[in-house]
Amino acid sequence: MKNIIFIFSFLLSTYSFGVTNTYFCNDSFGKHPIQQGGRVKPLNVHAKEMMKYLTGKRKVDGLSPMMAYCLLSLEGMGLKNDLGFLIPVEHSQTRELLGIKESKRVPVSEIKSQIDLLRAESAKATPDSSFQKSLKKLINKVALYDNITTSNNWLIPEASDKEGEANWVPISAFLQEKKIIEAKKVSDKPFVHVLNNAAENYERINPKSTHKLEFTYDKANLPAWSMVITLIAIFCLTLFKSFKTALALSFLTIGLQTTHMVLRIMISGRAPITNMYETVMFSGYGALVLALIVGHYKKEKTFVYVGLAYNFCTLMMMNFAGGMLSPNISPLVPVLRDNFWLSTHVTTIILSYGALALSWILGNTVLIKGRLGKLGPNDERYYSDLIYTCLKYGTIMLGAGIVLGGVWADYSWGRFWGWDPKETWSLIVLCIYMAILHGKYTNWIPVKRFIPLVTASFMSVMMAWFGVNYILAAGLHSYGFSEGGAVFLGSFFLIQTIVLVITWKPVKNSVELNNA
């Protein structure tokens, strides 16, 4: 009892009268290890994940995620804070149920007071409906908030009897041990000293732990730097005649993205293609690499332009579509733990999407330039050949990826093909692009129809890639599903349709069609 009184008295003595009392919380704790989500990671990364999930924002009352997480964790020890903790409630039916009329962000206490109502309505709601998902998400957020504020979420590594292992105990239990008083003899900040000492002990007995590497990986923010450099490369390619600067910047962004993926592989111990964030990342990266290789052999810098443009699109999504693409690193489901098949089937499929995306970028560019009257018939024929090249690479890799997926399915599920939604849509995409390739090769599809047809066909890729995950959300590929994204996909389809309608050019007669 005396120990507990000592803890509280010391902590309360650190109170500084301001907007928020931070007690002994410190951003330097971000390097400390924590075991959550089935793995050991840096506390800073865990805090960011928790605060982002709970509030949808990077900061809470102007405080860093680490500081906000620390302050919430101290509530279980009787140490209050002044955080205005708000949880977003966006679903209209859920807002009506809770009687929310104005702000979409409400205090967590208001949601907790109606938790029984949320549970009852969730049990009655249509299974897997957007309303039920919204209710379940709020219930889970309240449960997580309670777990944090009772000091049970922040786990501290403690020495174990087994060499190389650690016991993980909640921070409240850890700080109430006698060694805090002993630390008082060597430090004016006993709690900071003890927490740092626990982290150091864990690192000493677990030298292979990657939590410090992940801390560096998180702080480097390489996707943001890659996005900026890619944008500068596009400007250089567009505004200046010299190609060398744009090419050098292209290789620089590839270097940064390669570093980003290598670090992610070292941290996770697997290929970086297991969730939507990683597939978007690898698609843009692979498309740029492919564009540089093909551009080199074809002596055509247009490929570099489309590679940079598509890579920029994917980097924009990675940096700003946080609600749709989560960068969190999580343990794999059993079916994905075979790295050979993961590194062949999924990689081939995603690279094929990247190659087909090059044809989509180039197709839209040609359509818009044609509508503005900046392209003649010879230019259209020239660019259609470049698009045709992208299609060949993309279609071949897509076909190979489907075959590899079938072999993996037979190995994992005991059948080569089962008409799973993801399998079905991949086959649909392959059939569409094979028909287009055949039509182009036999001159059955003229240039004036080939380019808009290729551009429109990429919507089938988006359906196979995003639509199955965000709209259908069914099938054995459930490990790849994510929440959100339906608005993004609907907007993509709408904008692409508008571009096709605006740039559509009717053919006057059969002679003009044949000449095209």
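When the criteria are applied in full, M324 fails the requirement of being of a type in the set (A, V, I, L, M, F, W, C) and either modelled with pLDDT of 90 or more or not assigned by TED's automatic domain parsing to the domain that holds A435 (or both).
So L375 passes all but one of these: (1) surrounded by 17 or more Cβ atoms within 10 Å (Cβ to Cβ); (2) out of contact with any Pro (no Cβ under 7 Å at 6 or more places or on another chain); (3) in contact (Cβ under 8 Å) with a residue 24 or more places away in the chain; (4) not polar (S, T, N, Q). Which condition number does it fail? Here L375 meets the rest and fails (3).
Restricting segment 225-258 to residues that are under 17 Å from V289 (Cα atoms) and within 17 Å of the chain's Cα centre (by Cα) leaves a set whose member that is surrounded by the most Cβ atoms within 10 Å (Cβ to Cβ) is S226.
Does P207 satisfy the criteria of being in contact with an Asp or Glu (Cβ under 6 Å, 6 or more places away or on another chain), not basic (K, R) and not in a helix (DSSP H, G or I)?
Taking the combined requirement at face value, the residue does not satisfy it.
Would you check which residues across segment 439-454 are over 30 Å from T274 (Cβ atoms) and assigned to a helix (DSSP H, G or I) and list them? Step through it out loud before you land on a result.
Step one: list which residues in segment 439-454 are over 30 Å from T274 (Cβ atoms), which gives 439-453.
Selection gives G439, K440, Y441, V447, K448, R449, F450, I451, P452, L453.
Listed here are the residues, each with its yes/no results for (1) outside the structural domain of S352 (by TED's automatic domain parsing); (2) touching a Ser or Thr at 6+ places or on another chain (Cβ under 8 Å); (3) more than 18 Å from I349 (Cα to Cα); (4) surrounded by fewer than 16 Cβ atoms within 10 Å (Cβ to Cβ).
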residue	(1), (2), (3), (4)
P421	no, no, no, no
I428	no, yes, no, yes
Y433	no, yes, no, no
I436	no, yes, yes, no
Y441	no, no, yes, yes
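Is segment 351-371 home to any residue that is under 20 Å from the mean Cα position of the chain (by Cα), free of Cβ contacts under 8 Å to residues at least 60 places away in the same chain and closer than 30 Å to G56 by Cβ? No, segment 351-371 contains no residue that is under 20 Å from the mean Cα position of the chain (by Cα), free of Cβ contacts under 8 Å to residues at least 60 places away in the same chain and closer than 30 Å to G56 by Cβ.
Could you tell me which residue of segment 259-279 is nearest to G295 (Cα to Cα), considering only residues that are in a loop (DSSP other than H, G, I, E, B) and among the β-branched types (V, I, T)? My answer is I273.
Of the set (1) outside any loop (DSSP other than H, G, I, E, B); (2) touching a residue at least 12 places away in the same chain (Cβ under 8 Å), all apply to C431 but (2). Annotation: P334 fulfils all but one of (1) closer than 30 Å to G37 by Cβ; (2) surrounded by fewer than 20 Cβ atoms within 10 Å (Cβ to Cβ); (3) touching a residue at least 60 places away in the same chain (Cβ under 8 Å); the unmet one is (3).
The values are calculated or read from the model by the stated rules, or taken from the named source; none is laboratory data. Keep in mind it's a predicted model, so treat the numbers as computed, not measured. Because the Cβ atoms are built from the backbone with ideal geometry, glycine has one as well, and the counts that use them run over all protein chains shown.
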